[in-house]
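A short worksheet on the structure shown next.
The values are calculated or read from the model by the stated rules, or taken from the named source; none is laboratory data. The structure presented is a predicted model; accordingly, all values stated were derived computationally and were not measured. Here the Cβ is made from the backbone with ideal geometry for all residues, glycine too, and neighbour counts use every protein chain on show.
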Amino acid sequence: MAQADIGLYGLGTMGSALALNLADHGFTVAVTNRESSWISNFVDESGPLADLLIPANTLRDIVDSLAPPRTILFMIPSGAPMDAMIKQITPLLANGDTIIDGGNADFRATRARTKALAKSGLHFVGMGVSGGEEGARNGPSMMIGGSLESWSRFKPMAEAIAAKYKGDPCVAHVGTDGAGHFVKTVHNGIEYADMQMIAEVYGILRDGRGWNAHEIGVLLEGWNTGPLQSYLVEISARALQTTDPETGHPMVDVIMDKAGQKGTGRWTVIEALKLGQSASSIEAAIAARSWSSEKKARYAAETLLTKDPQPSEPPSESDLEQALLAGRIVSHAQGFRILQAASDEYNWALDLSRIAEIWRAGCIIRSSLLDDFSVALHGTMPFGHMILTPAMREFLVRSIGPLRRVVAAAVCRGIPVPSLSGALCWHDSLCRARGSTNLIQAQRDLFGAHGFERLDADGKHHGKWS
Ligand code: 6PG
């Protein structure tokens, strides 16, 4: 009794929103959930879409409601729960069927699962989904990894439900096995950096200029009509202008300054380091969340240690706007550099320009700059660096000075700007032909005879250290 186009397991926030989105586009979805009581409630509350939602009480029911080759999407927590589901459903599936993992999974686990399931003739798709609940319901950005065969079957559904940028669906098959989850991981790393840099600018305006939350929100709202236009600036402006109904204070003023993380941003940095890359702006954003958790230590240190602030001019609004722009360019450049390195390592042949395109709508880091990035990434990138393309150099020539002034002013005043300064240091390291690691090489050779290259001769050399 095959009647559904796709099966969906996991009716949490994201799963139920995706099921409704699929139904909205005319697809019949067989839905199921670990807690079976959710299934009928979900279908009952779906109004006219209920006709396209088939309640399935067991995995066997969901499999039976699909014609082979089947596609079943799992929207459940990554890790052990996914392994448990794979174990349960695999004996019920047949050659050519596809399991999609739409969670924020570690791409290494996705690679391992792909390999293991291929032995049974099954396809495993790691799908990065961005956009939160609203995106899942009305149009997410999706980054798909896996075989082309499974993609060809899922593509019509994915393109229908994806966010559209000027009509272009924000979904792509980015590569095989773990490529989709890797691209989503890097997306989240960039997301962490962008959020952190906006928060750093907020900190400068609050603690360096004495502005209140509402004033900062209005400024950000204005920036959102210019080159900084983005979802994250937009929601930051909204958050800053929201009042807590209980106290009448700005909402952000009653929120504890401790931020958690589920780990995807951290994976970006771990993988970047393994690939010999630097993600300074992203790493700083992760570290900032970690330090933020040490609230008690920070209370104590504020009085135990002295900041000894130095005189400096407070940064202007226009410098702050440009600094944020430069920081955003660098954090994306770092993200794309990591993607390129991973693509080379895992033979994914990632199309960086297409990845920028599918991030232009639906996802959390969507911004007007992504269109510029997609163009910059389309051509040849000198030495593999996006910031060396003519378009990016044009942006940076205007914004690097402001970033430098903003970081300098914040540093002098003792206001932490780890992500903005990480971005600046990376930029400065890249554009210094003669750096200082010659001394590192001397140190390594002196204590460990590691050898070094000379400027004036080929080959490996050792120093005659006194
Ligand atoms: C998205 C988000 C989404 C989520 C992450 C990050 O693209 O829609 O990245 O996947 O917000 O869970 O959350 P943490 O900040 O808790 O790591």
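Structural remarks
- Being more than 30 Å from L320 (Cβ to Cβ), assigned to a helix (DSSP H, G or I), modelled with pLDDT of 95 or more and away from the ligand (no atom under 16 Å from the Cβ) is a property that holds for F154.
- Residue list for region 162-199, filter: over 17 Å from G103 (Cα atoms), within 16 Å of the ligand (Cβ to nearest atom) and in contact with a Gly (Cβ under 7 Å, 6 or more places away or on another chain): A163, C170, I190, Y192, M197
- In this entry, R360 passes the filter for residues that are more than 20 Å from A272 (Cβ to Cβ), within 16 Å of the ligand (Cβ to nearest atom) and within 19 Å of the chain's Cα centre (by Cα).
- Exactly one residue out of L396, L420 is touching a helix residue (DSSP H, G or I) at 6+ places or on another chain (Cβ under 8 Å), surrounded by 22 or more Cβ atoms within 10 Å (Cβ to Cβ) and hydrophobic (A, V, I, L, M, F, W, C): that is L420.
- Filtered residue count, region 79-102, keeping only those that are touching a Ser or Thr at 6+ places or on another chain (Cβ under 9 Å) and within 15 Å of the ligand (Cβ to nearest atom): 1
Residues checked against (1) buried (at least 18 other Cβ atoms within 10 Å of the Cβ); (2) free of Cβ contacts under 8 Å to residues at least 12 places away in the same chain:
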residue	(1), (2)
W359	yes, no
P402	yes, no
L446	no, no
D456	no, yes
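- Positions within region 175-197 being within 18 Å of K115 (Cα to Cα) and outside any loop (DSSP other than H, G, I, E, B), in sequence order: G175, A179, G180, H181, F182
- Region 377-410: number of residues that are among the hydroxyl-bearing types (S, T, Y) and under 26 Å from I204 (Cβ atoms): 1
- Unmet requirement for M256, which otherwise passes all of (1) more than 27 Å from I358 (Cβ to Cβ); (2) within 16 Å of the ligand (Cβ to nearest atom); (3) assigned to a helix (DSSP H, G or I): (3)
- Residues considered: A136, A112, A105. Of these, the only one that is without any contact (Cβ under 8 Å) to a residue 24 or more places away in the chain and either within 10 Å of the ligand (Cβ to nearest atom) or of a type in the set (A, V, I, L, M) (or both) is A112.
- The set of residues from region 263-311 being in a loop (DSSP other than H, G, I, E, B), under 19 Å from the mean Cα position of the chain (by Cα) and away from the ligand (no atom under 16 Å from the Cβ) comprises L275, Q277, S278.
- The lone exception for D344 - which of (1) farther than 16 Å from Q277 by Cβ; (2) modelled with pLDDT of 95 or more it fails: (1)
- When residues of region 57-86 are limited to those that are in contact (Cβ under 8 Å) with a residue 40 or more places away in the chain and charged (D, E, K, R), the one surrounded by the most Cβ atoms within 10 Å (Cβ to Cβ): R70
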